[in-house]
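S.K.: Sending over a structure as structure tokens; questions will come in a sec.
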Amino acid sequence: MTLGVLAVLGMAFTMFAGFWTDWLWYRSVHYSSVFTTTLWTKIGLFFVFGLLMAVAVGVNIWIAHRLRPPLSAMSMEQQSLDRYRMGIAPYKKWLLLAVTALVGLIAGASAAGQWRLWLMWVNGVPFHQKDPQFHLDVSFYAFDLPWYRFLLGFGFAAAVLSLIAAALTHYLYGGLRLTSPGARATAAATGHLSVLLGLFVALKAVAYWLDRYGLAVKSSDFKATGNWTGLRYVDANAYLPAKTILFCIAVICALLFFATLWRRTWQLPVIGFGLMVLSAILIGGLYPAIVQKFQVQPNEQAKEAPYVQKNLKATREAYGIDDAKVTEYDGKSDAAADQAKLRSDADAAASIRIMDPNIVSPTFQQAQQMKNYYAFPTNLDVDRYKDKDGKEQDTILGLRELNLDGIPKNNWINDHFRYTHGYGVVAAKGTEADDQGQPVFTESDLPAKGDLGTYEQRVYYGEKTTTYSIVGGPQKEVDYSADNGDEKTFGYTGKSGVNLDNPLNRAAYAVAFNDPQILYSGAIGKGSRILYNRTPKDRVEAVAPWLTIDGDAYPAVVNHRIQWIVDAYTTSNGYPYSSRTTLGDTTADSLTAANNNRAVVAQQNQVNYIRNSVKATVDAYTGAVKLYQWDTQDPVLKTWMKAFPGTVQPKTAISPDLMSHLRYPQDLFKVQRELLSRYHVTDAQTFLTGSEVWQVPDDPTNDSGSAVPPYYLSMRMPDQSKQSFSLTTTFTPNGRDNLSAFMAVDSDPGTSDYGKIRILKLPASTTADGPKQVQSLFNSRQDIAETISLLTRGHSKVEYGNLLTVPLDGGLLYAEPVYILGGSKLKYPLLGKVLVSYNNHTAFENTLDEALNKVFGVTGSTTPPPDTGTANPPSSKNPTVQQALGDAQKAFDAGQQALQKPGGPDWAAYAKAQKDLKAALKRAEEAETSAGSKKGT
């Protein structure tokens, strides 16, 4: 008895601990209204629908018991059941309560899980757009129809369970007879069961009526277009009238079942039910098949074209691609064009990134990790920052986050009390590398310093911070190591997390985290706070469970604080005529294949409407979460803002500093590009032929076989006057490798063109090279192959960076950085070469400028020698210059020898040689300048 009581108390406290810690967490982030609204909605649905189900089943059991025949009228078959009746007689009230409670609990739990449907239905706002078939507002399909279907499903469950319970009760008490001669059921049992069957058939009639509207959001396979949503010819001309006829038949059949209350015979209801089943087969199945076979297939394009046009319009509206601007583009430049002008235009067309954020993370790690307990994410981020001259530039950056795997010794105190946070931002120019191929850092060292100014550098919340920490108490935290090696300590002063001063809180967290040391550890004292749910995605998803979170949160320094910026989406699966897509499949590319952390939350959800309606921020120090309304017209967001008032701040609350770091989200762009591969066509006949179908090419820089990811870079489209921060991608024809289109979306929220999609469509007769062909061209060039072979001698490897595409004067410029990953000594990639291709001209040089100069056949910018007043330069007999030039030649030779070592390039020696070469050339220049000045004097 004692053990049983303790077990019950233990289970009760475990459930309480989960509830209590959730409440404390939501209160700590100031989103307690989300917790209470969700909780009370679930509780309300649980009790209402659980009670309805329990009452429905219980009342029918009670009625069946009340309608039992007298014992004297029972047959021999029923008399054999006496022992069962006698066995349950003393407990029949408790048995009734147990049965009704069980079905009530199951039904209530199922209903509680539909809290989103309820909140959308009760708070739904109109779209002010009507479907083309029934002319109902889209909100009916997005908010109302799902709730009606749930109610219908609940009604079917209640009718079936009540029918089963009533039939069993009638059988047990003699109302039904299976083997006895004579009538199989008493008149009372016949009437009772007929009413229940009538209710079931009536619900089926309602289902037929709702199915009519369901045709507008029904998915089907359409040979001509693949995935299809909405009515086709056979739906509008066969299924729709069939559903209406079946509705009428079901209503008549239900009335016949109800009529047994007076007729006391099942003859007519059974005939009616059989007619309904037969009609469902003939009218609902055979007739549409005949229409499809003999009316649609012989002239499919003409029959389906009006419905395809509706699908085209709805899909483009639902995914926000209806304003995409498609422009014809030659794809080939004039061969006789001014090469010098082309070279100048190339600089103006784009700020070409030679630092690939998806490759250089190990280089950041090597140069800026500082301590093993720090780490950078696998994929860094691209943002825009101003340099010291106030010029905006594309910047690669990442946070130095906490890495518990690298701490000197793992134990409970170290893991949760001493090592609690990362430190600082590391940033580098996206368009430059130094003479050793390393990034040119604009923010570096520990503590970080550089172009970003002063800001709170401690990172308590980040993508790698997945465990809890206890801060602010008597135990000091490791902050960072000073230049002299001294380890600095720190005590958290923020208000984040949950206070552990209360013994109840400590006990609850000890149970919730299955960590009893939280309850009795002496390291926890006054002021101790527990931090958890620390990744940006987890925090935003928790405070806004109705949002779908983008797979790539990125950090930015905003108003002297590190803020994680998280893009969030509102979605729906009920937009009529809009084709569906699976988020996980559509947003997959070569980066998500290599890094699962970038996958979309709830990624297998199917949707046919999506908006980037919310921009969220998470403070890296305090963990504070803020949600901002971004799409002010989105009815789905307005619905959720009604359901959770006060949780989303207006768009006007976004500060100018934060606004400058917002960008167009990658996952939305990937969804849109997937749809635009088919839905760039606006003509139904062309769409049906499939002649204009595109595909997203595979990433040619690796062997993953996955789609090429979209790339951020500052570039200028042909109709733009200056560069704009953009997100870009390419398309190829279905089943071919040549380029069919280039797509870019303006990602700079500071401009009126933000979100504008521009597509450059190449003529079908043009065979412009696509990404795979350009990569093959790079690999097949003999001079490039020889250089690559030289660079990969020994244990060195070549790693290709992002292959960027830039429209330039009617043609397409391709640029790709090539990184060298050394053997046993060098474990991180350095920029070794840059590949550039334009108009079938290819260059493979040390720097981007050199490659562009070679492709366009022009020389680079040089500083003219000083005017000496003589025909011969003064350096011709200057011994200092001669000595410097000799040293330069030696340094150059040493660098070449370092590259050609049998065991692979010696990059340390090569770097030293390059440094010596630079110093020697500088001495020569200074000596020459000095000699020229003296000669002039």
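S.K.: GLN606 label point, 7 Å along Cα→Cβ, cut-off 16 Å on backbone N: hits in region 139-178?
M.R.: Label zone hits: 142, 146.
S.K.: Report the gain in length on full extension from ALA289 to GLU456: 0.36 nm times residue separation, minus Cα-Cα distance, nm rounded to one decimal.
M.R.: Result for the pair: 53.3 nm of gain on full extension.
S.K.: Between VAL8 and GLN436, what is the spin-label point distance in nm, taking each point 7 Å from the Cα along the Cα→C-beta axis?
M.R.: It is 7.2 nm.
S.K.: Relative to the longest principal Cα axis of the chain, at what angle does helix 187-214 sit, 0 to 90 degrees, rounded to 10?
M.R.: 30
S.K.: Which residues in region 228-271 have a backbone N closer than 16 Å to a point placed 7 Å from the Cα of ASN299 along the Cα-to-Cβ line?
M.R.: 233-234, 237
S.K.: Moving on to the next point. How large is the dipole of region 466-532 about the Cα centre if only Lys and Arg carry +1 and Asp and Glu carry -1, each at its Cβ, rounded to the nearest 20 debye?
M.R.: Taking the Cα centre of region 466-532 as origin, the dipole is about 360 debye.
S.K.: Cα convex hull of region 186-318: mean projected area in nm², to one decimal?
M.R.: One quarter of the hull surface, i.e. the mean projection, equals 9.0 nm².
S.K.: A further question follows. Apply the Karplus curve 6.51 cos²θ - 1.76 cosθ + 1.60, θ = phi - 60°, to the phi angles in region 233-248 and return the couplings in whole Hz, x for Gly and Pro.
M.R.: Rounded to whole hertz, the list is 4, 5, 5, 6, 10, 10, 5, 4, x, 5, 4, 5, 4, 5, 4, 5.
S.K.: While we're looking at this one, here's another question. Please enumerate, by chain and number, the aspartates and glutamates with C-alpha under 14 Å from the C-alpha of LYS827, excluding those fewer than 8 residues away in the same chain.
M.R.: GLU799, ASP906
S.K.: Principal axis lengths of the chain from Cα atoms, whole Å, largest first?
M.R.: 137, 80, 53
S.K.: Could you pull out every residue, at least 5 positions away or on a different chain, whose amide H is within less than 5 Å of the one on ILE757? Hs are placed 1.01 Å off N in the peptide plane, and Pro or chain starts have none.
M.R.: Residues meeting the criterion, in which the H sits 1.01 Å from N, are LYS325.
S.K.: Nearest 10 degrees is fine. How inclined is helix 879-899 to the longest principal axis of the chain, computing both from alpha carbons?
M.R.: Once rounded, the angle reads 30 degrees.
S.K.: Let me ask another. Any chance you could check the Cα centroid distance between region 399-455 and region 750-795 for me, in angstrom?
M.R.: Here the answer is 33 Å between Cα centres.
S.K.: Among SER279, TYR319, ALA302, whose Cα lies farthest out toward the positive end of the dipole of region 226-323, if unit charges sit on the beta carbon of Lys, Arg (+1) and Asp, Glu (-1)?
M.R.: SER279
S.K.: Find how much the distance from LEU519 to LYS130 grows on full extension, using 0.36 nm per residue of separation minus their present alpha carbon separation; answer in nm with one decimal.
M.R.: Going from the current span to full extension adds 134.2 nm.
S.K.: Distance between the C-alpha centers of region 1-62 and region 98-113? Whole Å please.
M.R.: First find each Cα centre; the distance between them is then 13 Å.
S.K.: Which FRET efficiency value, to the nearest 0.05, do you get for ASP683 and THR265 by plugging their Cβ-Cβ distance into 1/(1 + (r/R0)^6) with R0 = 45 Å?
M.R.: 0.15
S.K.: Same structure again: Per residue of the chain, what 222 nm ellipticity follows from adding -39500 (n - 2.57) for every DSSP H run with n ≥ 4, rounded to the nearest 500?
M.R.: Only helices count here, giving -13000 deg cm²/dmol.
S.K.: Of PRO763, SER747, SER706, whose Cα points farthest to the positive end of the dipole of region 697-853 (charges on the beta-carbon: +1 Lys, Arg; -1 Asp, Glu; origin at the Cα centre)?
M.R.: It is SER706, whose Cα lies furthest towards the positive end.
S.K.: Ranked by Cβ crowding within 10 angstrom, fewest neighbours first, how are MET743, MET15, MET1 ordered?
M.R.: Taking fewest neighbouring Cβ atoms as first place, the list is MET1, MET15, MET743.
S.K.: Can you give me the distance in nm between label points at LYS915 and ASP405, each placed 7 Å from the Cα along the Cα-to-Cβ direction?
M.R.: 3.2
S.K.: Still on this structure: List, in order, the whole-Hz ³J(HN,Hα) value for each residue of region 379-391 obtained from phi through the Karplus relation with A = 6.51, B = -1.76, C = 1.60 and θ = phi - 60°; use x for Gly and Pro.
M.R.: Values, residue by residue: 10, 7, 10, 10, 9, 10, 9, 8, 7, 5, 8, x, 8 Hz.
S.K.: Starting with the fewest neighbours, write out SER837, SER655 ranked by other beta-carbon atoms found within 10 Å of each beta-carbon.
M.R.: SER655, SER837
S.K.: Shifting gears a bit: Note down the relative contact order for region 652-788 as a percent, whole number, built from C-alpha pairs under 8 angstrom at least six residues apart.
M.R.: Reported relative contact order: 20 percent.
S.K.: Which FRET efficiency value, to the nearest 0.05, do you get for LEU278 and PHE47 by plugging their Cβ-Cβ distance into 1/(1 + (r/R0)^6) with R0 = 41 Å?
M.R.: So, using R0 = 41 Å, E works out to roughly 0.45.
S.K.: In addition: Taking the Cβ of THR36 as the center, what net charge do the other residues with Cβ under 15 Å away carry, scoring Lys and Arg +1 and Asp and Glu -1?
M.R.: +1
S.K.: I need the phi-derived Karplus couplings for region 135-145: 6.51 cos²θ - 1.76 cosθ + 1.60, θ = phi - 60°, integer Hz, Gly and Pro marked x.
M.R.: Running phi through 6.51 cos²θ - 1.76 cosθ + 1.60 with θ = phi - 60° gives 6, 9, 4, 4, 4, 4, 7, 7, 10, 8, 4 Hz.
S.K.: Suppose R0 equals 35 Å; then what is the FRET efficiency for ASP703 and LYS449 from their Cβ-Cβ distance, rounded to the nearest 0.05?
M.R.: Efficiency at R0 = 35 Å is approximately 0.30.
S.K.: Something else now. Below 8 Å between Cα atoms, with a sequence gap of 6+, how large is the relative contact order for the chain in percent?
M.R.: Here the relative contact order equals 11 percent.
S.K.: For the chain, give the magnitude of the charge dipole about the Cα centre (Cβ charges: +1 Lys/Arg, -1 Asp/Glu; no others), in debye to the nearest 20.
M.R.: My answer is approximately 3980 debye.
S.K.: Under a plain spin-label model, where a point goes 7 Å from the Cα along Cα-to-Cβ, how far apart in nm are VAL59 and LEU168?
M.R.: 2.0
S.K.: Related question: Which one of ALA620, SER481, ALA375 is farthest out on the positive end of the charge dipole of the chain, using unit charges on Cβ (Lys, Arg +1; Asp, Glu -1) and the Cα centre as origin?
M.R.: Farthest towards the positive end: ALA620.
Bear in mind these aren't lab numbers, they're just calculated from the coordinates by the rules spelled out. Everything numeric in this text was worked out from a predicted model, so none of it was measured. So basically every Cβ, Gly included, is an ideal-geometry build from the backbone, and we count neighbours across all protein chains shown.
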